[in-house]
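Derivation of every value follows stated rules applied to the coordinates shown; laboratory data play no part. Source: prediction; values computed, not measured. For neighbour counting, all protein chains shown are included, and Cβ atoms are generated from backbone atoms with ideal geometry for every residue, glycine included.
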Amino acid sequence: MSDETVDEGADIAWWLKWLTRIIGAIGGVSSAIGGILVLVLHILTPTCYATGGIMELLAFLLLVFEATFCCAKVSAAQPIITRMEKLRFWHRAAIYCGLSVIAFGLCTAAWATLICTLIAPFACGVFYGIMSLGKKADSATMAAAASGGGNNYKQFENDP
């Protein structure tokens, strides 16, 4: 990755950014509560230990990345908060959705708890995935691309 700061979200609507952050903060709290519930209620299931740990990790990441005001005074979180600014939207989407799916797949004994507590983190990941696609093009550009009028194909030049 280069050191250049790329403002990936410059063309994203402000309300979508705030909605995603709010869902992420709610998801962090719900994942923390759900992780504790899974650890306490399914104490004899080893895979549920891993699920509880993954949910607590997900809660920590969501609270540090999305609710930075909660962790602004914690000195251990400062390097993570500064690194957060360099993460692209699709990285966050992959982290949140991936950890949610892994946590859900590991512990089948607590499926109701997992569904209720992992919906918000997964939704946050989905919103970041949508934001990574970028803004939709204007109608003239899309019509030109659909009609084939704009020839975007470039043949590779072979060196002799």
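To the nearest 20 debye, what charge dipole does segment 11-131 have about its Cα centre, counting +1 at the Cβ of each Lys and Arg and -1 at the Cβ of each Asp and Glu? Working shown, then result.
Working: 7 positive and 4 negative charges, 49 e Å.
It works out to roughly 240 debye.
For the chain, relative contact order (Cα pairs under 8 Å, six or more residues apart, normalised by length) works out to 30 percent.
Compute the semi-axes of the equivalent ellipsoid of segment 11-131, taking the square root of 5 times each eigenvalue of the Cα gyration tensor, and list them largest first in whole Å.
On the way: eigenvalues 126, 50, 26 Å².
Equivalent-ellipsoid dimensions as semi-axes: 25, 16, 11 Å.
Could you list Ile54, Ile43, Ile119 so that the one with the fewest beta carbons within 10 Å of its beta carbon is first and the one with the most is last? Let's see the in-between values first.
Working: Ile54 22, Ile43 10, Ile119 15.
So the residues, fewest neighbours to most, are Ile43, Ile119, Ile54.
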